[in-house]
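Reviewing the structure listed below.
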Amino acid sequence: LWAWGNNYDGQLGIGRGFSEFRPVRVGSDSDWVYVSAGASHTLAVKSDSTLWAWGNNDFGQLGDNSTALKDYPAFINAGSGWKTVCAGRDFSIGLKIDGTLWAWGDNYYGQLGDGTNSDSLVPIRIETDKDWSAVNASYHHVMAIMHDGTTWAWGANWEGQLGDGTYTDLNSPE
């Protein structure tokens, strides 16, 4: 795994420090299968389907039950079975191999999709469905697809980004 760019919050995973203008290796592991970079934190999945995170953690977006910054890849004790993860703006969302969807971190706009606007320091399950097939996070909203092809959205909607014809934020998938 290689990283470059801004490193103010340790989001490159090479220790906190200066920005890097060329790719630098993140640790010595070579079993990474998925990575997602957010504004100031990074999420990754290894080949054993475990979850790893590093960088800013002001809202618990690393999922380690704390708000402490991590400037090296840190194992997140959230079980295995992770397929993909997405780093949004101060929040995170992940899809497990079993089709369940999980979210954690900042929830001001309802982007965790749990029906509340309360932040979470650990991954919480979204809905009870096990039918999710894809997910992506943006600044403060989420888009997801179920196995039947239906598209769902939630979170901030001040520009109509949820596509429901309104400017109303949603705190659960609709």
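The values are calculated or read from the model by the stated rules, or taken from the named source; none is laboratory data. Note that the coordinates shown come from a computational prediction; the quantities given were computed from them, not determined experimentally. Every residue, glycine as well, gets a Cβ built from its backbone with ideal geometry; the counts of neighbours run over all protein chains shown. All accessible areas refer to the heavy atoms of the entire protein, side chains included, with ligands and DNA or RNA removed. Shrake-Rupley method; radii C 1.70, N 1.55, O 1.52, S 1.80 Å.
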Checklist entry - Under unit Cβ charges (Lys, Arg +1; Asp, Glu -1), what dipole magnitude, rounded to 20 debye, does the stretch 1-51 have relative to its Cα centre? => result 140 debye
Next on the checklist: On a full-extension model of 0.36 nm per residue, what is the gain between Ile97 and Trp32, subtracting their alpha-carbon distance, rounded to one decimal in nm?
Outcome noted: 21.8 nm
Checklist entry - Hey, can you rank 89-100, 134-145 by average C-beta count inside 10 Å, highest first? => result 89-100, 134-145
Item to check | C-alpha center-to-center spacing [the stretch 136-174, the stretch 78-115] in angstrom | outcome: 14 Å
Item to check | Tyr139 versus Ser118: modelled label distance in nm, points set 7 Å from Cα along the beta carbon direction | outcome: 2.8 nm
Checklist outcome for this item: Filtered hits (aspartates and glutamates, Cα-Cα < 12 Å from Lys46, offset >= 8 within chain) -> Asp29, Asp31
Checklist entry - Using a Gaussian network for the chain with springs between C-alpha atoms less than 10 Å apart, which of these wobbles most: Leu112, Leu62, Leu121? => result Leu121
Item to check | 20 Å Cα-Cα reach of Lys130 towards lysines, excluding residues that sit fewer than 8 places from it in its own chain | outcome: Lys83, Lys96
Item to check | Approximate spin-label separation Val24-Asp148, in nm, with each point projected 7 Å along Cα-to-Cβ | outcome: 4.9 nm
Checklist entry - Roughly speaking, to the nearest percent, how much of the chain's 1.4 Å accessible area is carbon and sulfur? => result 51 percent
Checklist entry - Taking amide hydrogens as modeled 1.01 Å from N in the peptide plane, which residues meet the under 5 Å criterion relative to Asp71, leaving out close sequence neighbours? => result Gly55
